[in-house]
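K.L.:
Okay, here's the structure, questions in a sec.
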Amino acid sequence: MILPQTPSQTIGPFFKPSLVRSAAETLAPNGARGERIVIVGRVLDGDGAPVDDAMVEIWQANADGRYDHPDDQQEKLIDPHFHGFGRAATDQHGSFRFDTIKPGPASGLGDALQAPHINVSLFARGLLKRLVTRIYFPDESLNARDAILNAVPSGRRSTLIARVESMSPQPTLRFDIELQGENETVFFDV
């Protein structure tokens with residue numbers, strides 16, 4: 001018997017028609033608590049060309065720093081309107097966008113507070129496994145104590161920190177993902 005290949009055994013592009021649903025890039029519906037923000041960015045290859053068939057997933061804590069997951073047993077508020085997961089396909093310019101909220105500090109190892117951050121997974125043509133990185137926020141005081149951010153060499157940390165693009169009508173932060181090259185985004189082994 002011949003079994004069909006599964007997505008982990010093939011190399012896309014199949015994300016947009018198969019895995020990305022409309023409105024999956026909107027994480028914060030009406031009623032969700034917290035500061036509303038927009039994350040915009042582009043996925044770029046080693047030559048700086050846009051990757052137009054990638055899929056970007058994000059997973060984040062709510063405004064109080066709690067994940068909508070049964071393993072998160074922190075005594076922080078659960079937001080019934082915010083689930084913290086989003087998915088977006090890149091367009092012909094390699095661009096993606098998420099409408100979300102700024103997460104609160106979540107507990108890490110030994111209950112040490114982590115700086116507010118958004119976990120990012122990237123799936124793209126030619127990648128047999130997802131790439132994993134994080135988005136941190138500029139001018140965040142907890143960045144100086146975040147164990148994961150500070151494990152990254154100081155000259156590379158800037159690839160993990162979003163840049164403010166505009167503040168009106170709501171904060172918009174830019175986070176470009178560069179797959180290779182001089183400004184390659186830091187990716188983590190998981």
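The values are calculated or read from the model by the stated rules, or taken from the named source; none is laboratory data. Not measured: the values here are computed from a predicted model. Note: ideal-geometry Cβ built from the backbone for every residue, glycine included; neighbour counts use all protein chains shown. Quick note on the areas: whole protein, heavy atoms, side chains included, nothing else; ligands and nucleic acids left out. Shrake-Rupley method; radii C 1.70, N 1.55, O 1.52, S 1.80 Å.
K.L.:
For ILE58, indicate whether it is modelled with pLDDT of 95 or more and either open to solvent by 70 Å² or more (accessible area, probe 1.4 Å) or of a type in the set (A, V, I, L, M) (or both). It would help to see each step written out before you state the result.
P.N.:
Values: modelled with pLDDT of 95 or more: yes; either open to solvent by 70 Å² or more (accessible area, probe 1.4 Å) or of a type in the set (A, V, I, L, M) (or both): yes.
Considered against the rule, which asks whether it is modelled with pLDDT of 95 or more and either open to solvent by 70 Å² or more (accessible area, probe 1.4 Å) or of a type in the set (A, V, I, L, M) (or both), ILE58 comes out as yes.
K.L.:
If the requirement is being open to solvent by less than 40 Å² (accessible area, probe 1.4 Å) and acidic (Asp, Glu), which of these qualifies: ASP71, ASP79, ASP52?
P.N.:
Working: ASP71 fails: open to solvent by less than 40 Å² (accessible area, probe 1.4 Å); ASP52 fails: open to solvent by less than 40 Å² (accessible area, probe 1.4 Å).
Among ASP71, ASP79, ASP52, only ASP79 is open to solvent by less than 40 Å² (accessible area, probe 1.4 Å) and acidic (Asp, Glu).
K.L.:
Sticking with this one: Between GLU182, GLU165, GLU140, which is open to solvent by 40 Å² or more (accessible area, probe 1.4 Å) and out of contact with any Lys or Arg (no Cβ under 7 Å at 6 or more places or on another chain)?
P.N.:
Working: GLU165 fails: out of contact with any Lys or Arg (no Cβ under 7 Å at 6 or more places or on another chain); GLU140 fails: open to solvent by 40 Å² or more (accessible area, probe 1.4 Å).
Just one listed residue meets the conditions, GLU182.
K.L.:
Counting just the residues of the stretch 111-124 that are in contact with a helix residue (DSSP H, G or I) (Cβ under 9 Å, 6 or more places away or on another chain) and open to solvent by 20 Å² or more (accessible area, probe 1.4 Å), which one comes out nearest to GLU178 (Cα to Cα)?
P.N.:
Quick first cut of the stretch 111-124, residues in contact with a helix residue (DSSP H, G or I) (Cβ under 9 Å, 6 or more places away or on another chain) only: 112-117, 123-124.
If we keep only those that are open to solvent by 20 Å² or more (accessible area, probe 1.4 Å) too, we end up with 112-114, 123.
Working: ALA112: 30, LEU113: 28, GLN114: 24, PHE123: 13 Å.
Out of the qualifying residues, it is PHE123.
K.L.:
Another one. Taking only the stretch 165-190 into account, find how many residues are more than 16 Å from GLU57 (Cα to Cα), of a type in the set (Ser, Thr, Tyr) and within 18 Å of the chain's Cα centre (by Cα).
P.N.:
Residues in the stretch 165-190 being more than 16 Å from GLU57 (Cα to Cα), of a type in the set (Ser, Thr, Tyr) and within 18 Å of the chain's Cα centre (by Cα): 1 in total.
K.L.:
Additional query: Could you tell me how many of the residues in the stretch 84-100 are under 14 Å from the mean Cα position of the chain (by Cα) and assigned to a loop (DSSP other than H, G, I, E, B)? First the steps, then the outcome.
P.N.:
Initially, the stretch 84-100 is screened for residues under 14 Å from the mean Cα position of the chain (by Cα), giving 84-90, 95-100.
If we keep only those that are assigned to a loop (DSSP other than H, G, I, E, B) too, we end up with 84, 90.
The total comes to 2.
K.L.:
Let me ask something else about it. Which of the residues spanning the stretch 93-110 are at pLDDT below 95 and either surrounded by fewer than 15 Cβ atoms within 10 Å (Cβ to Cβ) or hydroxyl-bearing (Ser, Thr, Tyr) (or both)?
P.N.:
Residues satisfying the conditions are SER107, GLY108, LEU109, GLY110.
K.L.:
Would you check if LEU149 is within 29 Å of ALA49 (Cα to Cα) and out of contact with any Leu (no Cβ under 8 Å at 6 or more places or on another chain)? Full working, then the answer.
P.N.:
Working: within 29 Å of ALA49 (Cα to Cα): yes; out of contact with any Leu (no Cβ under 8 Å at 6 or more places or on another chain): no.
Taking the combined requirement at face value, the residue does not satisfy it.
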